[in-house]
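For reference, the structure discussed in these notes is given below.
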Amino acid sequence: MHKPSVLVFDVNETLIDIDSLAPLFTELFDDERILREWFAQLIMYSMSATLTESYVNFSTLAQGVLRMVGDIHHVHVSDDDLLRLKTGLLTMPAHPDAAEGLARLRDKGFRLVTLTNSPPNPDGPTALQSSGLAGFFERQLSVDACQAFKPAPAVYRYVCETLGVAPSDCMMVAAHVWDTLGAQNVGFSAALITRPGNPPLPVEGLAQPNLVVADMHQLAEELTEGWRHN
C-alpha cells in the first residue's frame, strides 16, 4: 500500500459518538436499540436518495426516518422530538480517543480533512465544531456540495479535486465498511475503525480495508510506528 499523505475522516460514529442519542430513543421507544435501527434505515435511504437523484440533506432525512421508524413501532414522534434529534445530531461528543489520535497524526505531518454526510450548519456550529475536534482539520468537507451521499464516487473525487491530490494520496478513515468500499472504489486506501457494532465484512470479492484498527490510538500507531518498521 502506498503510504497516504492525506487522511480523510468520516465524522458520525468514526470521530463522534452517536450513542449519545440513545436517551431520546429510550424515551420514545423504551428500547435504546432502536437507535441502531434508525441509523441503519437512515444510511439505506441516503443511498436510495442518491441512486434516485432525489437529494435532501442528511438532517432533513434523519428526521423523516425517525418519523417512519415511529410509525413502524406505533410510536408518535412529535415536532419536539424531531427538534431534539436535530439538536442531538449537532452536539454529539467526540470519542475519548479521537483528539489524542488526531494530534499525533497531525504532528507526524499527515494532512487531515473530514468528509461527512452531514450538511453545513448555517445557524451555528456543526457537530465537529461542537465536539472540539474541528481545529485538527485543514478542511471540513460535506457531501452536500455534491448533492449525493457516500458511497457515491463523486463525493470522494470531490475531496481530491478540492485538495488538488490524487486518489492514491488519500486514505479514508471510517467506522463503516460502506464508506471504505466507496473510497477504495475510486482509488483511496482505507482504514476501518471497528467502533462497537462495526466489524469488517469478510466477503470474497469485496475490497477489504488496508488497515483494521480498534481506535484512533491504534490507527496512529499503525500509520507512524508500524509503517517505520515495515
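The values are calculated or read from the model by the stated rules, or taken from the named source; none is laboratory data. Remember, it's a predicted structure, so these values are computed and weren't measured experimentally. Cβ coordinates were reconstructed from backbone atoms using ideal geometry, including for glycine residues, and neighbour counts include every protein chain displayed. When the accessible area is computed, the model is the full protein with side chains, heavy atoms only, and any ligands, DNA or RNA have been set aside. Shrake-Rupley method; radii C 1.70, N 1.55, O 1.52, S 1.80 Å.
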Task: Hits in the stretch 15-64 - residues which are in a helix (DSSP H, G or I), open to solvent by 10 Å² or more (accessible area, probe 1.4 Å) and among the hydroxyl-bearing types (Ser, Thr, Tyr) - done: Ser20, Thr26, Tyr45, Ser48, Thr50, Ser59, Thr60
TODO: Please indicate, with yes or no, whether at least one residue in the stretch 170-189 is part of a helix (DSSP H, G or I), under 26 Å from His95 (Cα atoms), among the β-branched types (Val, Ile, Thr) and not assigned by the TED database to the domain that holds Ile43.
DONE: yes
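Let me confirm something: among Thr60, Thr126, Thr91, which residue is within 29 Å of Asp30 (Cα to Cα) and modelled with pLDDT under 95?
Values: Thr60 fails: modelled with pLDDT under 95; Thr91 fails: modelled with pLDDT under 95.
Testing whether each residue is within 29 Å of Asp30 (Cα to Cα) and modelled with pLDDT under 95 leaves just Thr126.
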Open item on the list: Taking the criterion of being in contact (Cβ under 8 Å) with a residue 12 or more places away in the chain, open to solvent by 10 Å² or more (accessible area, probe 1.4 Å) and not in a loop (DSSP other than H, G, I, E, B), would at least one residue in the stretch 194-211 satisfy it?
Closed with: yes
Open item on the list: Could you check the stretch 142-168 and list, in sequence order, the residues that are in contact with a helix residue (DSSP H, G or I) (Cβ under 6 Å, 6 or more places away or on another chain) and either at pLDDT below 95 or among the aliphatic types (A, V, I, L, M) (or both)?
Closed with: Val143, Ala148, Ala152, Val155
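In contact with a helix residue (DSSP H, G or I) (Cβ under 8 Å, 6 or more places away or on another chain), more than 18 Å from Val143 (Cβ to Cβ) and polar (S, T, N, Q), is that true of Thr87?
Working: in contact with a helix residue (DSSP H, G or I) (Cβ under 8 Å, 6 or more places away or on another chain): no; more than 18 Å from Val143 (Cβ to Cβ): yes; polar (S, T, N, Q): yes.
Here the answer is no, as Thr87 does not meet what is asked.
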